[in-house]
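The values are calculated or read from the model by the stated rules, or taken from the named source; none is laboratory data. What you see is a predicted model, and the numbers here were worked out from it, not measured in a lab. A quick note on method: Cβ atoms are made from the backbone with ideal geometry, for glycine too, and the neighbour counts reach across all protein chains shown.
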Amino acid sequence: MSPETRLTAAELLTFLRKRGGQEFSAVACLTHGKGKKQTVTDQGTYHLTARGEEIEATGPSGQPRTLTPERFQEMFGSHHFHTLRPTGRMTDLGPLFG
């Protein structure tokens, strides 16, 4: 996946679930305006892992949160994510043996 690719929150959830237990970093951004006046503001880098049905998200503050898919959508539904990269950290090996 190209670093310039932007994923919606729903697309990111699907991506993470397919790679359960593997941590990824991604930059969250918000888009403001339309057309030529459109601007994109980065909101910081998040570390994200799918653990079963829940998402473990650690934001720029370093505080980890465990979110249901519904809560993830509430918090990040208006965001896009880019510069998605694996961190090399595996937090749950269950999917490898399932």
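General observations
- Taking region 1-75 as the region of interest, the strands (runs of 3 or more DSSP E) fully inside it that hold 1 or more residues being in contact with a Leu (Cβ under 6 Å, 6 or more places away or on another chain) and touching a residue at least 12 places away in the same chain (Cβ under 8 Å) are 22-32, 39-51, 54-58.
- Scanning region 34-77 for residues that are hydroxyl-bearing (S, T, Y) and farther than 21 Å from R17 by Cβ yields T39, T41, S61.
- Unique residue being buried (at least 17 other Cβ atoms within 10 Å of the Cβ) and modelled with pLDDT under 85 when the list is G20, G88, G98, G94: G20
- Here S25 passes the criteria (1) surrounded by 11 or more Cβ atoms within 10 Å (Cβ to Cβ); (2) at pLDDT below 95 except the one numbered (2).
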